[in-house]
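The structure under discussion appears below in the form of structure tokens.
The values are calculated or read from the model by the stated rules, or taken from the named source; none is laboratory data. None of these values were measured; they are calculated from a predicted model. Using ideal geometry, Cβ is built from the backbone for each residue, glycine included, and neighbour counts are taken over all protein chains shown. Side chains included, ligands, DNA and RNA excluded: accessible areas come from the protein's heavy atoms. Shrake-Rupley method; radii C 1.70, N 1.55, O 1.52, S 1.80 Å.
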Amino acid sequence: NMTASVKVLTTSTIDSSPSIIIVSPNGHKTLINCGEGCQRSFLESTDRVRSVNQICLTHIGYTATGGLPGMILTSADAAQASANSLKDNKNNSNISKDDDDCNNTKDIVGTLRLIGPHGLKDFIHSLRHFMRRDRFPLILHEGGYESVPKAGDGLNSRYGKGKGKKRKKAGEDVEDAEENASDSDLGLFGITSIPMKRSVKTFYGTETVSICSYLFTTAPIAGKFQIQKARDLGITPGPLYSQLKGGKSVTFWHQEYGKDLTIEPDEVLEGGSDGVAVAVIYCPDEDVLDQLCHNDRDSSENMDKLDQYKECNRKGLMPTPTEKGKPVTLELMVHITPKDIFESSRYQNWIMEFGQSVKHMTLYPLQDYKFSGGNEVSDGSPFRSAIHGAMQRSLIDDDIFPSPIPFDNDWSFVSDESNSHSNGFTIFTSYPGLEYTIMPLSKQGLDPATIKIEEKIHGLTKRDFESIIEETKVSGATEEAKRIKEVVVNEQSNVEYAEGSAAIKSNTSSKGCFIFTGTGSAIPCKYRNVTGMYLEMTNGNAMLLDVGEGTLGQLIRSWKSCYIGDDECDYVRQRILNIKAVWISHPHADHHLGIIRFLTQRNSILRQNGVKSRNEDPVVLMTSSTVLRFLDEYSKVDPSIYDGYVPVDNRETLPELPRNPQLLAMLEKSLGITGCVSVPVSHCYQSYAVVLDNTSFGRLVYSGDCRPSDHLVQVGQDADLLVHEATFENGMEEEAVLKMHSTVSEALSVAKRMGAKACVLTHFSQRYPRLAPLLEQDSCLSFPVAFAFDFMKIRPDNISVASKLTPALRLLYPEERDLDSLRDELSEAAEAKKRAQELLSTPGYFANMKCS
């Protein structure tokens, strides 16, 4: 028997949104919502991104679509890699090119189906500005959508394999339609969308947007075959048994009766079902609840699809998705609904109409404007490996590496509410990994293997906290860090470090800081998020340098972990409003997709505070024209970001152009910055580095993604702090050339030629949290060099200490690689070397590339 289930991927926390996986009987997987960080959360799950066949979206917004572009890119690249592997295998087998389908670059390598509300197609169209995968087309359905369940052998349909296949087109024979149906579609859930409307507040009033809830239904399910009954009826074992198991009637010659007998499947099958349904309800506010309860006249037609499962309508009086006209059984309702609405009498009365046999699973979103609630206290971050590493680093130095999760927790209030009863029906509180089995029917219910057996705070058990401390101690990192800091504090020149450390812990420091919210490259990994940085000035205001997916979530987690006071939520809201500028280096998705959440939440806070226009508290957004066009189009399907920023094209801040007095006046007034220059660099179209003057660090230079740049060296001369990408280790120069990035040694060469007083390396390409080794000539530089990690926080007075802690960090992350990772790297390096040699042999190749 094949299994169908509902699995919780992520819940609502500071850095994740509700996502669930619907597993069809044939193994196909449908993802419900793909918010920020969703792709990264798969790395902590037993499921994989490439296993997802289709995605259903409840709405357009960062909690549902914030991670979709990255998911599409990763799925496309995985499909391409698979096609390339197949091609290589065929070439190695000496198959002729004429027979090799992969030799045609226009061949399709895979597809992904997306189902969502009206606006989905416009959203996907807006992504063309920064992502394109021609060999991986998307199949889009927006608004009303309905597909019938597809029965297959594995599903053991009560009414046979042929039923529930592709619908017959006009003029097409049933046999033709069945032949055109893909075998891979057999055993799929049927999907019915339930379109609804929602009102969204903007600076210009209220706008209406589309949202969706969903129904998932199986084909009819046959019961268990009763062998003794078949024998008593005189049925000969063999093909007749198989037909009956498959839900087909059989006719045979009965020797004793001397005539043909026809036996129906129901005569030998027990415990079957006309089908099972799962409802996913998205109800973000009272207006949507009005539609569910039929208080909105325009919603009645769409609600009929859901109402057929109410107890009062289970008489076959309303249309149903099964062939026999009988309603399928509604087994489970998943509620993506705020807790206060779910617990309201109206909502409780509504779900009671579906009967006490229906089970309910809750996914409470975070409370608006409070950055609390949801599942934050119990589940914490879904990125467990990254949190584990950050907590270990905090034991080395909790000033430079503050822990994103507090070590001192009160366990007395923790209770497991995963299975509660209200008004006679069962409610499950979701958490990552929880799985509800839909079929086989004999195993229906929560999977015992996924039920929590230990209490957790922020997703960690007491044993987890203890192991983090023990592992760090055993590594020798804490002892080495202690020795290093004793030496530093004893040095006369670093008295300021000790004073600054004490000040920052008491929240009284006004010296400014630099927080790394993501230090990885291209694709999120277990240990590093994609690029994002937060630069705080001496007046408490700040700016963001690149805003990769998940930037704000990481930042809020960092703020909350260091806050000492009574109003944490107000503190976080104010810190968001204090961000007065954003600078984005180039249009690649891993550097700007987090801007959607930032603008959404900042606008929301402003409106809550009574602000009527962005002009009252503007945020300057400096980026490429490509990103600005994307945001302009996106705002038409998600008005929550509309008019939330002052757009500035990076080309307006080139070194050779006169300074923009209006821009400089805004930056100086809010941030104290007296100079902002975007320097074109070699990476992709419209790639820039930035030079900022009079920051809390003095002259600060950030490279963005690039090859080493002489122009940047010139414009950034005498930088007080250089933050430079170091995507590849030394020895991987060919791959760095091919992918237009820098190695560690190349980045340090830029720092030396620039005369930088300090350098922090970031944007690492690695599958594990180790530190890249330094060449001998780079190990004794005249300026401090630090390796960035997620949640790392540096100040002008502790950069030197951060650089000196490198030996302790190396103890925490020794040189070790798993065999698969090493093989992948060697293969990639060999391919890159071959391609790079081809490019390097092309005269003027890099000189002819567009930089702006």
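Students often get this wrong, so check it: of LYS310/LYS359; LYS7/LYS452; LYS201/LYS669; LYS560/LYS669, which have C-alpha atoms separated by over 18 Å?
With Cα atoms farther than 18 Å apart: LYS201/LYS669; LYS560/LYS669.
If I stretch the segment between LYS462 and LYS87 completely, what's the gain in nm (0.36 nm per residue apart, minus their alpha carbon distance), one decimal?
Details: separation 375, 0.36 × 375 = 135.00 nm, distance 4.94 nm.
Separation in residues times 0.36 nm, less the Cα-Cα distance, equals 130.1 nm.
For region 210-264, rounded, prolate or oblate, judged on the Cα gyration tensor with a ≥ b ≥ c (square roots of eigenvalues), a/c < 1.5 rounded, else prolate if a/b > b/c?
Because a/c hits 1.5 or more and a/b exceeds b/c, region 210-264 counts as prolate.
FRET efficiency for GLU656 and ASN295, Cβ-Cβ distance as r, R0 = 51 Å, nearest 0.05?
Given R0 = 51 Å and the Cβ-Cβ separation, E is 0.25.
Just to verify a number: FRET efficiency for TYR685 and LYS636, C-beta to C-beta distance, R0 = 25 Å, to 0.05? Numbers along the way, then the final one.
On the way: r = 24 Å, r/R0 = 0.97.
The value I calculate is 0.55.
If you line up the Cα atoms of region 506-574 on their principal axes, what length do they span on each, largest first, in Å?
Principal-axis extents of region 506-574 (Cα, largest first): 36, 23, 18 Å.
At a 1.4 Å probe, what is the % contribution of carbon and sulfur to the accessible area of region 527-632?
Exposed carbon and sulfur together represent 42 percent of the surface.
In nm, to one decimal, how far is the modelled label at ILE453 from the one at ASP340, with both set 7 Å along Cα→Cβ?
With each label point 7 Å from Cα toward Cβ, the separation is 3.9 nm.
Using amide H atoms built in the peptide plane, which far-off residues or other-chain residues are under 5 Å from GLY675 H to H?
It is ASP693, by chain and number.
Tally up the carbon and sulfur contribution to the accessible surface of region 652-733 as a whole percent, 1.4 Å probe, everything protein left in place. Kindly include the intermediate steps, with their values, before the conclusion.
Numbers: 1420 of 2880 Å².
Whole-percent figure for carbon plus sulfur exposure: 49.
At a Förster distance of 45 Å, what's the computed FRET efficiency of SER372 paired with ASN490, Cβ-Cβ distance as r, to 0.05?
Numbers: r = 43 Å, r/R0 = 0.95.
Efficiency, rounded to the nearest 0.05: 0.60.
Which residues in region 561-583 have a backbone N closer than 13 Å to a point placed 7 Å from the Cα of LYS669 along the Cα-to-Cβ line?
The answer is none, because no backbone nitrogen lies closer than 13 Å to the label point.
Once the piece of chain linking LYS473 and ASP122 is laid out straight, how much longer is it, given 0.36 nm per residue of separation minus the C-alpha distance between them?
121.1 nm
Over every pair of different alpha-carbon atoms in region 1-76, take the mean of 1/r and invert it; report that Kirkwood radius in Å.
Numbers: mean 1/r = 0.0812 Å⁻¹.
Its Kirkwood hydrodynamic radius stands at 12.3 Å.
Quick check: pseudo-label points 7 Å beyond the Cα along Cα→Cβ at GLU267 and TRP253, how many nm apart are they?
1.8
Counting other Cβ atoms within 10 Å of each Cβ, which trypsin sites (Lys or Arg not before Pro) in region 618-721 have at most 13 and sit in a DSSP loop?
LYS636, ARG659
I'd like to compare 538-544, 798-804, 770-776, 67-73: which one has the highest average count of other Cβ atoms within 10 Å, and what's the full order after that?
67-73, 798-804, 538-544, 770-776
May I ask you to evaluate 6.51 cos²θ - 1.76 cosθ + 1.60, the Karplus curve with θ = phi - 60°, for each residue of region 61-73 and list the ³J(HN,Hα) values in order in whole Hz, giving x for glycine and proline?
Karplus-based 3J(HN,Hα) across region 61-73 equals x, 4, 6, 10, 10, x, x, 5, x, x, 5, 5, 4 Hz.
Treat each spin label as a single point 7 Å out from the Cα along the C-beta direction, and report the TYR563 to GLN226 distance in nm.
6.3
Would you please name the GluC sites (Glu not before Pro) within region 215-283 that are DSSP coil residues with at most 11 other C-beta atoms within 10 Å of their C-beta?
Passing both the DSSP loop test and the Cβ count: GLU256.
Mind ranking 394-406, 200-212 by how tightly packed they are, going by the mean number of other C-beta atoms within 10 angstrom, highest first?
Numbers: 394-406: 21.3, 200-212: 15.6.
Highest-to-lowest ranking by the protection proxy: 394-406, 200-212.
For VAL681, list long-range residues whose amide hydrogen, built 1.01 Å from N in the peptide plane, is under 5 Å from its own amide hydrogen.
It is SER687, TYR688, ALA689, by chain and number.
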